[in-house]
Amino acid sequence: MAEAVKEKPSSFAEVVENCCAQLRRRQIQGSLPCAKRTAEIMRALLTMQRHPDAASLIDDVRAVGYKLQAAKPVELAVGNIVRRVLHLIREEAQTEKSDSEADSNDAVPQGKADGKQDVMKSQGVEHLHANEVILTLGMSDTTYAFLREAARKREFQVVVAEGAPRYDGHLQARKLADAGIQVTAIPDSAVFAMMARANKVLVGAHAVLANGGAIAPAGIHMVALAAHKHSTPLVVLVGLHKLSPQFPHDPDLLYNDFRGPAEVADSDMQARGLPQHS
Amino acid sequence: MDSKKPDLHRTSSRRSTHESQVEGAVPVPKTIVGFHVDGASPSPATEGLLSKEAGRSSFTEGGGSPTPVIIPPTFQRERFETREPTPQEGSAGASSTGVAPAFGSVPAGSTSQQSGEGSIASGIPASARPKSLDLPAPDVPGPNTTQQQGNSGVVPPFVTSPAVVQSAVPGFEVGKPPQSQPAQPSAPPVHRSPSPAAAAPAAGVAPSSLHGFSVNSAQQQTQPQAQQAQPSLPQQQPQRLQQPPVQQPQKQQPQQPQQQGSSAPKLKEMSKAERRALQEAQRAAKAGGQKDQDGGSRKEGGGGGGGGASAGRAHSVASSESHSSHRGGAAGGKESKSAATGQKAEDKGAPAASLGDAAAKAPKRRPARKVVSLNSTELFAHLPPYQKVSVSSLLSHKDAVHMHPAVLQLGLRYADGTIKGATARCLAMLHTFCQVIQEYVTPPGKSLSRDLTHELNTIIDLLVQCRPLAVSMANTIRRLKMRIHSIDVNAPEAEAKRALIEDIRRYIEVQIIAADRLLVDCAVQKVTDGDVILTFAYSHIVANVLTKAAALGRTFKVMVVDCRPELEGQRMLEKLQASGIACSYIHLNALSFVVRDVTKVFLGAAAIMSNGTVMGRAGNAAVAMTAHAHSKPVLVCCESFKFHERVQLDSITHNELGDPDALVSLPGYPGVSPLAGWQDIPRLGLLNLKYDAMPAEYVTMIVTEYGMIPPTSVPVILREQQQDASASGGGGGM
C-alpha cells in the first residue's frame, strides 16, 4: 500500500487539494457540480492508487471524503457522494471479494445525472393537471427541466417569486417564458397573496435532510409556511445526490451560508449605521 | 360624393364587373347595404351623406368611423375583391347573387377608406382586428383582441361588444322578420319601424328597397338562424338603419370605447346567453376549413386571456369569419349558387346546433390553436391597472383646468410616491380640501352643499386617477360628505365654510393627531428593556412608538425587515437610527432565520376590516405568519379611522396594482435583470401588488387610541363609531 500510494502521491494529493481549494473559494457552485467533482475525485482515487483490499480502500475514501467535506461543510452533496461510494465499496466487498472496484465507481456519477433527468421527465405530467397554477421561488435547474417537460403535454401557468437578494427568480421566469410557459413574476412580498390561488408549490432544494427537512435558498421557509396555511401541496424536486443522512439539530446555523451584506444594504446604508462623529 | 369617395366609384365599377361575373345576376340597383352596428364610433356628419346617397347607397362614410358592416353568411363564399364578408354579418344573408355584388361594393368602398380591407366582410372582421387589416386574420381572435387591448391585464369590459354586436346585428336582421318571403315588402318597414333613428329616414328608404330584396333571401337562409337569434335583436336595428353601414375596416380599438358606449344598451337587451348563442351559431355557420393561424395567439402578454371566454369567442368569431371570408375570396372560387346553397345548408345546420355543439365545433375548427388563457395578472382584472401619471397626462384630464392647483400637486405627489402611507395621504388630502373650501365660492343659484359636493367629487376623481383611494381616505371622504350634506341651506356662505373647515380641522386633531398620541402612549408600555422588536417596512406610528420608547430610556433592539420593490424599510431604518436605536436590517427572505431571536413584532396597517383582517403593505402578512409560527406576539398599531366595515377574505379582491417595471429595476445588482423587455415576451407577465391581507389569526393584539383590542373587537369599534356619527347627526363634527 505504501508503494501504491507513492506511485503518484503528490499528484493525487494535489488533485484533492485543488478540489478543496475550489470548494472553499466557491468556485464550484451548486450541488450537482460539487457532486460530480466529488465523484471524479473518488474515481481518481481508485484509478490512481492500488488498494489490496476493501478495508484500505474504505479508509482512503473516508479520509479524502472528510477533507472534501471540511472544505465546504454547507455542501452536503459532497458527503452524500462519498457515502454512496463507501456503500458501493462495502457492497462489492461483500458480494465479490475482489480487489478491483473501479467498475462500480464509474457507474456512480453518470447514473446519477441521467437517472435524475429521466425520472423528472416521466413524473412531470403525472403531477400536474391542466390550468394549474404552480408557484415557485428562485431558480432551480431541476424545477425548470421538470416544468418544461410537463409543459409539452399540459397547459398550466407558473408564478415565480424573484427570490431576493439573488434575484434568480427573474432568470427562472425568463427561461420559462421563453420555453413557452405562461409565467407571472412577483416579488417575494406577494407570495402570501398569490398562495391563495396557487394549486401547487414546486421548488428545488440545496439538500434534503434525514428528517425530511430541506435546505433551500432563503425565502423557502416563508413559502412553505404560506403553503401550509393555504393547504397547498409543496413539492421539493431534488436529485439523489442531495439526499443526506444527517440529522442536524439546527440546520439554520450549521448548514447556512452567509454572504456579504452589500447585496442587501449598500454602502450608504452601512455608513449611516456607523457611529456619528462630529 | 365622388370626390369624397373616389373608391366608391371604383367599387362600383368593380361591382358591376362582379355582377356580370356572377351567374344569373339580377340587376339590382346599385345600393349598398350595410348594417351599422350601434356602438361603433359615430360617424361625423352622416346626415349629409345619407341624404346625398339616398338614392344610391345607404352607407355612410364615416371619415374613419368604424361602422362594421354585417355581411350575410352566404356572401362568404362569394368572390369579392378582397375579402369575404364574415358570416357574422350574415344577417343580410342575401343569397341571391344579385345582392352579393351590392354588398360587395360596400366593402370595396369601405376598403378604400381603410387600407386594403376590401369586402364588406372585411369591415366586420376589422372590428375584430382593428389594427391590422391584413386578411389572413389571426385565427385566435381572443388573444389578438386582448393583445390589442393592451397589456394592462385588464380587459376592457366592452371588448365583447363589437363582435357581439356584429353578430347580433346579423341575427337581428335575420330574425327580425321571421316572416316568410311574402313579407318581403313588409320587411323594409319592419326593418325600419323599430328604428327610432329619425336621422336616417332617407337612408332608410334606400336600404329598404334593397333590404327587401336582400332580406327576403336572407330570411330564407337565415330564418332558422334568426329564430335562434335573440328576440331583442330588433332593437339593434335602429342603429343599423340609422347609419347605413359603411363598412370600413375600422380600427377596432379606437372605436371600441365608443362602440361600447353606444352598443352597451343594446347588448344588454339581449341576455348573455342569447348573445352567446348567436355568436356560436354564426361561427358554426362559418364552419369548414377554417384554419386559424396561431400567429396572434402567442401574443397574450399582459392583455389577459381575452377577458374571459365570451370576449375571446366573440372576437374569434369575428376574426375567424373574416379569415374565412378572406379565404373564400382568396380562393377566388367562383361562388356559385351551389356554394351559396352549401352555405345555406350550413347556416341552417348551424342554428340547429346547440350552443354546446357550436362551442365544440369551434375548437375543432382550430386544431392548431393553442391559446393560453392562463395569466395570473387576470386575477386582478377587476382592479384598475397601473397607469403612469405625468404632469402632462394629469393636465389633460378634462377637469384639470378648473382644478385648484393644490389638488393637482397633491395628485402628482400621490402618483410618484412622495406622499405614501394611509395616514399621510389622508392628512394631505384633508389639508388640500381645506384649501379648496377656503377659496371656494358658490356659483349663483346653487346651494353650497350640493355644489361643493359636486366639486369634491371632481377632485376625488382626479385624485383617483393619480392613485386609487386608500381605505382611510374613503372613510374620511364619506364623513366629509355627510358633514357637507348637513350644511344649513340658509346659512351664509362664509359662515358655513368656516364651520366646515373648523370641523375638518377638528377631525384631523381628534382622529389623527390625538389618536396617534394615545396610541403611542399605549403601545410604548409594551416595549420593555431587552426587547428585540421586529418591524416591517415603514409605518409612521410604529416609528413613533419606537422613538418614544427610546426617548423614555428603554434599551431594546430593532430588526427592520424590508422587501422589494418599494424598500420602505430603509426609511424606517434612517428614522430609528436617528433616534439612536440599535437596528438590524434584513430582507424578508431572511426572516425565518432571525425570527427566533425576536421577542415582539410591531406592525402598521393600512386598514383593518371588520373580520379582523389587516390590510398592510405587501409582505405584512408573511411577517405576521412567520412570527406566529414561532409563537411571537404580533401587535398591529392602527388608528380607528382606518377601520372599515367590509369583510375581506383574501388579498386579491381588494388590492392595488403597482408599477410592474419596478420589479425589473434592480439597483445595485450587477447587470440587467433577465426580465428587462418583458413587454415583448408574450408569455411573461409581471405583477406588483401593493397590499396584503393578513388573517386575524396571526394578530395578537390591535393597538388603537381606545386601547388594546383583540381583532375580534374591531366590529365593536365600528359600531360605536357609527352610533357616534348618527348621534351627532346633522349637527356637528365629522
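The values are calculated or read from the model by the stated rules, or taken from the named source; none is laboratory data. A quick note: this is a predicted structure, and the numbers were derived from the prediction, not measured. Methodologically, a virtual Cβ is constructed for each residue, glycine included, from the backbone with ideal geometry; neighbour enumeration extends over all protein chains shown. In case anyone asks, the SASA skips ligands and DNA or RNA and just uses the protein heavy atoms, side chains included. Shrake-Rupley method; radii C 1.70, N 1.55, O 1.52, S 1.80 Å.
Remarks
- Residue within segment B:696-716 that is at pLDDT 90 or above, more than 18 Å from B:S610 (Cβ to Cβ), within 26 Å of the chain's Cα centre (by Cα) and surrounded by fewer than 16 Cβ atoms within 10 Å (Cβ to Cβ) present: no
- Hey, A:G163 assigned to a loop (DSSP other than H, G, I, E, B) and within 14 Å of B:P682 (Cβ to Cβ) or not: no
- Scanning segment B:625-646 for residues that are modelled with pLDDT of 95 or more, under 18 Å from A:A196 (Cβ atoms) and either part of a loop (DSSP other than H, G, I, E, B) or open to solvent by less than 10 Å² (accessible area, probe 1.4 Å) (or both) turns up B:M625, B:T626.
- Residue within segment A:140-157 that is buried (at least 22 other Cβ atoms within 10 Å of the Cβ) and either at pLDDT 95 or above or part of a loop (DSSP other than H, G, I, E, B) (or both) present: yes
- Of the helices (runs of 4 or more DSSP H) entirely within segment B:510-618, those holding at least 2 residues that are more than 14 Å from chain A (Cβ to nearest Cβ) occupy B:515-524, B:540-551.
- Output for segment A:161-186, where each listed residue is buried (at least 24 other Cβ atoms within 10 Å of the Cβ), in contact with a Lys or Arg (Cβ under 9 Å, 6 or more places away or on another chain) and closer than 15 Å to A:P217 by Cα: A:E162, A:A164
- Here is the figure for segment B:422-439: residues that are open to solvent by 30 Å² or more (accessible area, probe 1.4 Å) and under 28 Å from B:A618 (Cα atoms) total 3.
- In this structure, A:A265 does not satisfy being within 11 Å of chain B (Cβ to nearest Cβ), crowded, with 18+ Cβ neighbours inside 10 Å and not in a loop (DSSP other than H, G, I, E, B).
- Residue tally, condition within 7 Å of chain B (Cβ to nearest Cβ), over 21 Å from the mean Cα position of the chain (by Cα) and open to solvent by less than 10 Å² (accessible area, probe 1.4 Å), over segment A:195-234: 1
- Positions within segment B:477-505 being open to solvent by 50 Å² or more (accessible area, probe 1.4 Å), part of a helix (DSSP H, G or I) and of a type in the set (A, V, I, L, M), in sequence order: B:M482, B:A494
- Matching residues in segment A:166-185 - criterion: being outside any helix (DSSP H, G or I), more than 7 Å from chain B (Cβ to nearest Cβ) and more than 19 Å from the chain's Cα centre (by Cα): A:A179
- Qualifying residues in segment B:360-406 (those that are among the small types (G, A, S) and open to solvent by 30 Å² or more (accessible area, probe 1.4 Å)) - the one modelled with the lowest pLDDT: B:A360
- One residue from A:I186, A:I215, A:I220 being touching a residue at least 12 places away in the same chain (Cβ under 8 Å) and closer than 23 Å to B:T653 by Cβ: A:I186
- Hits in segment B:538-564 (condition: open to solvent by 30 Å² or more (accessible area, probe 1.4 Å) and under 15 Å from B:G616 (Cα atoms)): B:Y538, B:H540
- Residue count, segment B:656-690 (criterion: in a loop (DSSP other than H, G, I, E, B), small (G, A, S) and within 8 Å of chain A (Cβ to nearest Cβ)): 2
- Residue count for segment B:518-527, restricted to those that are in contact (Cβ under 8 Å) with a residue 40 or more places away in the chain and either open to solvent by 30 Å² or more (accessible area, probe 1.4 Å) or not aliphatic (A, V, I, L, M) (or both): 3
- In segment A:93-139, the residues that are assigned to a helix (DSSP H, G or I), at pLDDT 70 or above and open to solvent by 90 Å² or more (accessible area, probe 1.4 Å): A:Q94, A:T95, A:E126, A:H127
- Hey, A:S244 at pLDDT 85 or above and either closer than 18 Å to B:V595 by Cβ or among the hydroxyl-bearing types (S, T, Y) (or both) or not: yes
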